[in-house]
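Asks: Below you will find the structure I want to go over with you.
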Amino acid sequence: MTDSAGWKVGLLAETSGVTVRTLHHWDEIGLLRPSRRTAGGHREYTEADLVRLYQVLALRSLGLSLQTIATCLEVGVDPARVVRDHLRGVEASLAALDAVRQRLVRLGDELTTEDGPAPATLLDALQAIGGAGPDGEQVLRRHLDSAQVHQLGARAAALGPAGHYLLEIEWPELYRRADRFRRSGVGPADGRVQRLVRRMDELSATFTGGDADISAGVRDAWRDDPAALSGDPAASTDQWRELAEFLDRARDSLT
């Protein structure tokens with residue numbers, strides 16, 4: 001039970017299944033700070049704190065890091081949206097895999113016939129397993145070789161649900177926030193901008209394995225065709241280049 005003052009840390013730990021030590025750590029790093037303290041300095045959690053705890057646990061269950069969770073909550077991302085977006089991504093992947101399966105089954109059946117596969121079937125299967133793919137991949141292939149594109153895809157797949165969140169939700173939001181700072185006149189040396197750049201570079205290293213050539217190729221691809229990479233047909237090449245230059249200046253001024 002709780003009293004009128006709120007939830008004590010021990011009771012919250014027992015109820016939520018999170019250890020007291022973990023709650024203390026989350027308090028220290030600012031992820032989940034209790035809204036109140038007793039006269040003796042003891043932590044007290046309110047109902048609003050319980051809501052935030054639920055959000056932290058929901059996002060952590062997707063395999064996200066504490067830093068990523070903190071960013072998610074800072075920008076007000078709804079955990080239910082994360083789940084919905086991930087589900088859509090999984091369903092799209094399943095649909096794509098099923099299409100590949102059907103093409104390969106058809107090719108396998110025709111390979112066992114006396115006449116062999118029809119040209120149309122061969123072309124269909126080749127497109128399924130090694131074609132150019134969506135517009136974004138075509139742009140990437142102009143700046144990366146096949147091995148580098150494969151490495152990007154393999155690392156993203158290994159991240160599972162977390163990879164989808166990082167690519168589809170957190171990374172675009174970081175760029176949107178950086179562009180808002182740029183447009184409002186905030187300088188690239190501002191600490192808020194530099195924190196965004198550090199997080200962007202952490203995400204880049206997650207997907208590229210720290211390969212500088214791949215990172216440079218991806219940045220060049222974004223400069224080449226931001227609309228294809230972002231999936232937003234309204235993305236302007238000139239605006240993206242201005243933002244990229246702004247972020248490069250922020251990197252140069254990192255302390």
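The values are calculated or read from the model by the stated rules, or taken from the named source; none is laboratory data. Predicted model, so just to flag it, every value in this text is computed and none were measured. Here the Cβ positions follow ideal geometry from the backbone for every residue, glycine too, while neighbour counts run over all protein chains shown.
Asks: Can you confirm whether segment 201-222 contains a residue that is over 22 Å from His150 (Cβ atoms) and buried (at least 17 other Cβ atoms within 10 Å of the Cβ)?
Replies: Scanning segment 201-222, I find no residue that is over 22 Å from His150 (Cβ atoms) and buried (at least 17 other Cβ atoms within 10 Å of the Cβ), so the answer is no.
Asks: Quick test of your reading of the structure: Cys72 fulfils all but one of (1) in contact with a Ser or Thr (Cβ under 8 Å, 6 or more places away or on another chain); (2) at pLDDT 70 or above; (3) crowded, with 17+ Cβ neighbours inside 10 Å. Name the failing condition by number.
Replies: (1)
Asks: Do we find that Pro188 is in contact with a Ser or Thr (Cβ under 9 Å, 6 or more places away or on another chain), in a loop (DSSP other than H, G, I, E, B) and assigned by TED's automatic domain parsing to the domain that holds Leu94 in this structure?
Replies: For Pro188, the condition - in contact with a Ser or Thr (Cβ under 9 Å, 6 or more places away or on another chain), in a loop (DSSP other than H, G, I, E, B) and assigned by TED's automatic domain parsing to the domain that holds Leu94 - is met.
Asks: While we're here: Quick check: anything in segment 93-114 outside any helix (DSSP H, G or I), under 21 Å from Asp201 (Cβ atoms) and either of a type in the set (A, V, I, L, M) or at pLDDT 70 or above (or both)?
Replies: Applying the first criterion (outside any helix (DSSP H, G or I)) to segment 93-114 yields 112-114.
Narrowing the set further to residues that are under 21 Å from Asp201 (Cβ atoms) leaves none.
Checking segment 93-114: not a single residue is outside any helix (DSSP H, G or I), under 21 Å from Asp201 (Cβ atoms) and either of a type in the set (A, V, I, L, M) or at pLDDT 70 or above (or both).
Asks: May I ask you to say which residue of Val186, Val197 is surrounded by fewer than 17 Cβ atoms within 10 Å (Cβ to Cβ), at pLDDT 75 or above and β-branched (Val, Ile, Thr)?
Replies: Numbers: Val197 fails: surrounded by fewer than 17 Cβ atoms within 10 Å (Cβ to Cβ).
So the residue among Val186, Val197 that is surrounded by fewer than 17 Cβ atoms within 10 Å (Cβ to Cβ), at pLDDT 75 or above and β-branched (Val, Ile, Thr) is Val186.
Asks: Still on this structure, I have one more. List pairs: first in segment 184-208 and in contact (Cβ under 8 Å) with a residue 12 or more places away in the chain, second surrounded by 18 or more Cβ atoms within 10 Å (Cβ to Cβ) and polar (S, T, N, Q), Cβ under 7 Å, 6+ apart or cross-chain?
Replies: Taking only residues 6 or more apart or on different chains, the pairs are Arg199/Thr71.
Asks: Filter segment 2-53 down to the residues that are among the aliphatic types (A, V, I, L, M), surrounded by fewer than 18 Cβ atoms within 10 Å (Cβ to Cβ) and free of Cβ contacts under 8 Å to residues at least 24 places away in the same chain, then identify the one that is farthest from Thr71 (Cα to Cα).
Replies: Within segment 2-53, the match that is farthest from Thr71 (Cα to Cα) is Ala39.
Asks: Across segment 56-67, what is the number of residues that are in a helix (DSSP H, G or I) and surrounded by fewer than 19 Cβ atoms within 10 Å (Cβ to Cβ)? Full working, then the answer.
Replies: Step one: filter segment 56-67 for residues in a helix (DSSP H, G or I), giving 56-60, 66-67.
Still in the running and surrounded by fewer than 19 Cβ atoms within 10 Å (Cβ to Cβ): 57-58, 60, 66-67.
The qualifying residues number 5.
Asks: State whether one or more residues within segment 116-138 are modelled with pLDDT of 70 or more and either under 23 Å from the mean Cα position of the chain (by Cα) or surrounded by 12 or more Cβ atoms within 10 Å (Cβ to Cβ) (or both). It would help to see each step written out before you state the result.
Replies: Kept after step one, since they are modelled with pLDDT of 70 or more, are these residues of segment 116-138: 138.
When the remaining residues are screened for being either under 23 Å from the mean Cα position of the chain (by Cα) or surrounded by 12 or more Cβ atoms within 10 Å (Cβ to Cβ) (or both), the result is 138.
Yes: one or more hits.
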